[in-house]
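Asker: First the structure, then my questions, so here it is.
The values are calculated or read from the model by the stated rules, or taken from the named source; none is laboratory data. Only a predicted model underlies this, so the values are computations on that prediction, with no experimental measurement involved. Note: ideal-geometry Cβ built from the backbone for every residue, glycine included; neighbour counts use all protein chains shown. With ligands, DNA and RNA removed, areas are computed over all heavy atoms of the protein, side chains included. Shrake-Rupley method; radii C 1.70, N 1.55, O 1.52, S 1.80 Å.
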Amino acid sequence: MFDELLETVCLKISTVRSMIKINDRLRKIVFQDSLDIKQLKENPEFAALIEVISSKPEWRIYDRCAVVTRLYAIYERFVEDLISDWLRLMPDLVPRYSDLGEKIQNTHREGIGRLLIHLKQNRFKHLSVEKVVQGLSCGITDTGKYELLPDAFLLHEQNLRNDVLETVFKNAGIDEAWKWVINHKEIKYFVEEVRGSKNTAEGELKQLVDYRNEAAHGSTDEILGTQELLDLADFVEALCKSLADLVTYNIILLQRDRGLVREIGKITEWLPKSQAGVAKVQEVTLTVGERVFLVLVNNKLSYCYSPKIESIELNDISHNHVEITSEEEVGLKFDRDARKGLTIYVTSSYRVD
């Protein structure tokens with residue numbers, strides 16, 4: 001649902017990874033002691049490069065500062081863009097302002113008040129008084145389509161550690177954000193497989209924020225290894241994916257309440273190697289190339305994503321299109337991995353009456 005936003009984030013993080021590796025490789029070339037480096041120095045461009053290179057420790061400290069600053073900026077911007085997209089969708093998901101939760105209404109009104117006080121600040125120069133109050137006015141008077149101005153919800157001054165992140169999402173109407181994050185498959189894999197369960201998601205995020213603050217205030221003298229920097233990039237990517245899935249899940253819940261999406265069955269068997277399995281479904285039309293939502297939320301796991309159907313089998317016969325009128329076992333292959341127990345949702349237009 002937020003594919004474009006995630007694609008942008010992944011591209012930015014991939015660039016960070018590339019620069020980490022490039023600098024690491026370049027240092028190995030520059031600081032080697034062999035005939036090769038003597039030959040390279042015969043190239044005037046390379047010789048000029050050698051002249052301006054700082055010491056190896058200073059270079060690595062610079063890498064650390066640049067990487068953690070950039071990764072935190074990517075993460076913070078992603079959260080703000082994600083929350084903004086969610087808020088822009090709310091008038092379509094919850095058409096009546098009075099039906100919004102008390103928390104989101106209170107945050108909206110308080111945020112509008114703060115914006116009006118600080119409207120002359122440079123960061124709000126894109127706003128006018130009319131723009132700030134119009135969306136709220138339409139909401140409380142029930143005249144026209146209301147608007148939840150993202151600026152009113154993104155006035156936090158603190159770094160986005162887990163508790164602040166939780167508050168930002170709660171203020172926007174999404175509860176238990178951090179519980180979702182720590183149970184998300186991408187985060188669980190990072191904590192358990194990459195870190196060997198020697199750290200927590202909370203600890204990883206705190207570490208990133210601390211590193212970023214140290215870099216910003218010039219108090220950094222500790223070198224981080226290349227792999228450690230790459231691991232930080234992996235964590236930020238996993239965190240962003242988990243938050244995108246969280247917002248997607250909350251959109252599905254609101255759409256379900258309005259009858260826009262509905263549950264059609266569950267995956268009862270799954271074969272990871274082939275990315276295919278068996279699902280029990282009912283009263284639905286399924287077509288190769290269409291997307292479904294796969295969801296599983298409990299006290300240990302958080303899953304929510306939208307894979308594309310790559311193949312369908314009914315009674316051991318391959319189909320491009322099937323119409324199921326009663327409960328049937330259907331073989332489904334997706335373009336992403338899944339697992340047993342996931343609930344399948346589709347838009348209500350795919351129903352067979």
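Asker: Just the residues that are among the hydrophobic types (A, V, I, L, M, F, W, C) and farther than 29 Å from Leu230 by Cα, please, taken from segment 65-92.
Answerer: We begin by selecting, within segment 65-92, every residue among the hydrophobic types (A, V, I, L, M, F, W, C); these are 65-68, 71, 73-74, 78-79, 82-83, 86-87, 89-90.
Of everything in segment 65-92, those that are among the hydrophobic types (A, V, I, L, M, F, W, C) and farther than 29 Å from Leu230 by Cα turn out to be Trp86, Leu87, Leu89, Met90.
Asker: Which residues, taken from segment 314-335, are open to solvent by 90 Å² or more (accessible area, probe 1.4 Å) and under 16 Å from Ile267 (Cβ atoms)?
Answerer: Of all residues in segment 314-335, those open to solvent by 90 Å² or more (accessible area, probe 1.4 Å) come to 315-317, 320-321, 323, 325, 327, 329.
Within segment 314-335, Glu327, Glu329 meet the criteria.
Asker: Can you name every residue in segment 128-163 that is without any contact (Cβ under 8 Å) to a residue 12 or more places away in the chain and hydroxyl-bearing (Ser, Thr, Tyr)?
Answerer: If the condition is that a residue be without any contact (Cβ under 8 Å) to a residue 12 or more places away in the chain and hydroxyl-bearing (Ser, Thr, Tyr), then Ser128, Ser137, Thr141, Thr143 are the ones that fit.
Asker: Going through segment 287-307 one residue at a time, which ones are more than 15 Å from Leu342 (Cβ to Cβ) and either assigned to a strand (DSSP E or B) or touching a helix residue (DSSP H, G or I) at 6+ places or on another chain (Cβ under 9 Å) (or both)?
Answerer: In the first step, residues of segment 287-307 are kept if they are more than 15 Å from Leu342 (Cβ to Cβ); the result is 287-290, 299.
Listed by number, the residues that qualify are Thr287, Glu290, Asn299.
Asker: Residues that are at negative phi, buried (at least 19 other Cβ atoms within 10 Å of the Cβ) and among the polar types (S, T, N, Q): does segment 295-306 have at least one?
Answerer: The answer is yes; a qualifying residue exists.
Asker: Got a sec? Which helices (runs of 4 or more DSSP H) wholly within segment 146-204 have at least 3 residues that are touching a Ser or Thr at 6+ places or on another chain (Cβ under 6 Å)? It would help to see each step written out before you state the result.
Answerer: Details: elements: 162-171, 177-183, 185-189.
Once the helices (runs of 4 or more DSSP H) in segment 146-204 are filtered for at least 3 residues that are touching a Ser or Thr at 6+ places or on another chain (Cβ under 6 Å), what remains is 177-183.
Asker: Quick one: which of Arg195, Arg256, Arg262 is open to solvent by less than 60 Å² (accessible area, probe 1.4 Å), basic (Lys, Arg) and under 24 Å from Gly101 (Cβ atoms)?
Answerer: On the way: Arg195 fails: under 24 Å from Gly101 (Cβ atoms); Arg256 fails: open to solvent by less than 60 Å² (accessible area, probe 1.4 Å).
Arg262 is the lone residue from the list that is open to solvent by less than 60 Å² (accessible area, probe 1.4 Å), basic (Lys, Arg) and under 24 Å from Gly101 (Cβ atoms).
Asker: Taking Tyr211, is it in a helix (DSSP H, G or I), open to solvent by 70 Å² or more (accessible area, probe 1.4 Å) and hydroxyl-bearing (Ser, Thr, Tyr)? Steps first, answer last, please.
Answerer: Working: in a helix (DSSP H, G or I): yes; open to solvent by 70 Å² or more (accessible area, probe 1.4 Å): no; hydroxyl-bearing (Ser, Thr, Tyr): yes.
Against the criterion (in a helix (DSSP H, G or I), open to solvent by 70 Å² or more (accessible area, probe 1.4 Å) and hydroxyl-bearing (Ser, Thr, Tyr)), Tyr211 does not qualify.
Asker: Within the set of pairs 6 or more residues apart or between chains, which connect a residue that is under 18 Å from Ile83 (Cα atoms) inside segment 1-23 to a residue that is open to solvent by 40 Å² or more (accessible area, probe 1.4 Å) with Cβ atoms less than 8 Å apart?
Answerer: Matching pairs, first to second residue: Phe2/Asp85; Leu5/Asp81; Leu5/Asp85; Leu6/Lys241.
Asker: Test Thr268 against the stated conditions and say whether it is among the β-branched types (Val, Ile, Thr), part of a strand (DSSP E or B), touching a residue at least 24 places away in the same chain (Cβ under 8 Å) and surrounded by fewer than 16 Cβ atoms within 10 Å (Cβ to Cβ).
Answerer: On the way: among the β-branched types (Val, Ile, Thr): yes; part of a strand (DSSP E or B): yes; touching a residue at least 24 places away in the same chain (Cβ under 8 Å): yes; surrounded by fewer than 16 Cβ atoms within 10 Å (Cβ to Cβ): yes.
So Thr268 fits the description; yes.
Asker: Have a look at Gly139, Gly173 and point out the one that is at positive phi and crowded, with 17+ Cβ neighbours inside 10 Å. Give the steps one after another, and end with the answer.
Answerer: On the way: Gly139 fails: at positive phi.
That would be Gly173, the only listed residue that is at positive phi and crowded, with 17+ Cβ neighbours inside 10 Å.
Asker: Let me ask you something else. Please enumerate the residues belonging to segment 80-108 that are exposed (fewer than 14 other Cβ atoms within 10 Å of the Cβ) and part of a helix (DSSP H, G or I).
Answerer: Listed by number, the residues that qualify are Arg88, Asp92, Ser98, Asp99, Glu102, Asn106.
Asker: For segment 1-31: of the residues being outside any helix (DSSP H, G or I) and open to solvent by 60 Å² or more (accessible area, probe 1.4 Å), which is nearest to Phe78 (Cα to Cα)? Break it down into steps so the answer makes sense when it comes.
Answerer: Of segment 1-31, the ones outside any helix (DSSP H, G or I) are 1-2, 31.
When the remaining residues are screened for being open to solvent by 60 Å² or more (accessible area, probe 1.4 Å), the result is 1, 31.
Numbers: Met1: 14, Phe31: 37 Å.
Filtering first and then ranking leaves Met1.
Asker: In addition: Going through Val284, Val247, Val261, Val297 one at a time, which residue ends up being of a type outside the set (Lys, Arg) and more than 25 Å from the chain's Cα centre (by Cα)?
Answerer: Details: Val247 fails: more than 25 Å from the chain's Cα centre (by Cα); Val261 fails: more than 25 Å from the chain's Cα centre (by Cα); Val297 fails: more than 25 Å from the chain's Cα centre (by Cα).
So the residue among Val284, Val247, Val261, Val297 that is of a type outside the set (Lys, Arg) and more than 25 Å from the chain's Cα centre (by Cα) is Val284.
Asker: Oh, and also: Looking at (1) among the β-branched types (Val, Ile, Thr); (2) closer than 30 Å to Arg27 by Cα; (3) outside any helix (DSSP H, G or I); (4) open to solvent by less than 30 Å² (accessible area, probe 1.4 Å), which is the one condition that is false for Ile223?
Answerer: Against the list (1) among the β-branched types (Val, Ile, Thr); (2) closer than 30 Å to Arg27 by Cα; (3) outside any helix (DSSP H, G or I); (4) open to solvent by less than 30 Å² (accessible area, probe 1.4 Å), Ile223 comes up short only on (4).
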